[in-house]
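J.: Shown below is the structure under consideration.
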Amino acid sequence: MFLNDQKTNPVSFRIGILKIWDSNLQKYGKYFKPYSLILHLQLQAFNYFSRLFSKNNLYIDYINWLFTNHGLVINIISYNNVSQELISKNILDKKLLSILHYWFHLPVSVFLFNQQVWYNSASLISNYVSKCLVYGFPIKKTLQNTCKILQGEVDTKKLIYSKNGLNVISLDGFKIQFSGCFDSTRTQMAKTIQYSHGSVPLTRAQGYVEYSYQQIFTKYGTCGLKIWIFYKIR
């Protein structure tokens, strides 16, 4: 079967082969709720976390949701330049836990983990580009600088948790695509800027691919940022 990399999410057909789900839900026990309600509450909590972290100049990389018989465990991986104690004091307070407990009606535990660098995660890279545009940096210059940083990190190793346990992967290639109206031209037509380096086989299930899509709002209109990062499994 032919898979078009423009129409297919490269992460979806790796679930169950290499990647694992970011949520573990159960349909039994005293904390049972319909899946539709759990997913709605999960999206509501994710949007709340995004606004809260953005307000404190923090960037979320990954959130893992674990529903057990004893309650809900939320693991958040983020990038920041401040101490872990200051983050826990400003974010992981009693008010946050009380809000989550009110939404989910079960005991909630939140654990925060610090990501050391931002350029080895597709979601953190998209947050970096979005923040640069908010500060008024030119889009082409921002994307070129991002590509230079990623090119210097080729063959950098990274540790992931997959279906088969812990694996060591290394950066092999990336692809960045930015589409929309971002120039003050007479035609006001949408444009597409694309940068790529190395190998990015999006239609093969053997490699490990991180994918991120983010909408960016500019004074000329809405733009879309897509980032693919391909890793080789050691």
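The values are calculated or read from the model by the stated rules, or taken from the named source; none is laboratory data. Please read all numbers here as calculations on a predicted model, not as lab measurements. Every residue, glycine as well, gets a Cβ built from its backbone with ideal geometry; the counts of neighbours run over all protein chains shown.
J.: With the structure loaded, tell me whether Gly152 is closer than 27 Å to Ser23 by Cβ and surrounded by fewer than 16 Cβ atoms within 10 Å (Cβ to Cβ) or whether it fails that test.
T.: No: the conditions fail for Gly152.
J.: Now for a separate question. Scan segment 112-168 residue by residue and report those that are under 30 Å from Val73 (Cα atoms), part of a helix (DSSP H, G or I) and polar (S, T, N, Q).
T.: Ser123, Ser126, Asn127, Ser130
J.: Restricting to segment 184-200, count the residues that are at pLDDT below 80 and surrounded by 15 or more Cβ atoms within 10 Å (Cβ to Cβ).
T.: 0
J.: Follow-up. Take Glu210 and decide whether it is within 20 Å of the chain's Cα centre (by Cα), within 27 Å of Leu58 (Cα to Cα) and assigned to a loop (DSSP other than H, G, I, E, B).
T.: No; evaluated as a whole, the condition is false for this residue.
J.: Here's something else I'd like to know. Quick one: in segment 206-234, which of the residues that are out of contact with any Gly (no Cβ under 9 Å at 6 or more places or on another chain) and surrounded by fewer than 14 Cβ atoms within 10 Å (Cβ to Cβ) is modelled with the highest pLDDT?
T.: It comes out as Phe217.
J.: Please go through segment 101-146 and give me each residue that is surrounded by 13 or more Cβ atoms within 10 Å (Cβ to Cβ), among the aliphatic types (A, V, I, L, M) and within 19 Å of the chain's Cα centre (by Cα), ordered by number.
T.: Correct list: Val110, Leu112, Ala122, Leu124, Ile125, Val129, Leu133, Leu143.
J.: Would you pick out the residues in segment 68-83 that are within 19 Å of Ser162 (Cα to Cα) and in contact with a Leu (Cβ under 7 Å, 6 or more places away or on another chain)?
T.: Ile76, the sole residue that qualifies.
One line per residue, one yes/no per condition, for (1) at pLDDT 85 or above; (2) in contact with a Gly (Cβ under 6 Å, 6 or more places away or on another chain); (3) surrounded by 14 or more Cβ atoms within 10 Å (Cβ to Cβ):
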{"position": "Lys27", "(1), (2), (3)": "no, no, no"}
{"position": "Pro34", "(1), (2), (3)": "no, no, no"}
{"position": "Leu37", "(1), (2), (3)": "no, no, no"}
{"position": "Gln42", "(1), (2), (3)": "yes, no, yes"}
{"position": "Phe49", "(1), (2), (3)": "yes, no, yes"}
{"position": "Ile63", "(1), (2), (3)": "yes, no, yes"}
{"position": "Leu66", "(1), (2), (3)": "yes, no, yes"}
{"position": "Tyr79", "(1), (2), (3)": "no, no, yes"}
{"position": "Ser88", "(1), (2), (3)": "no, no, no"}
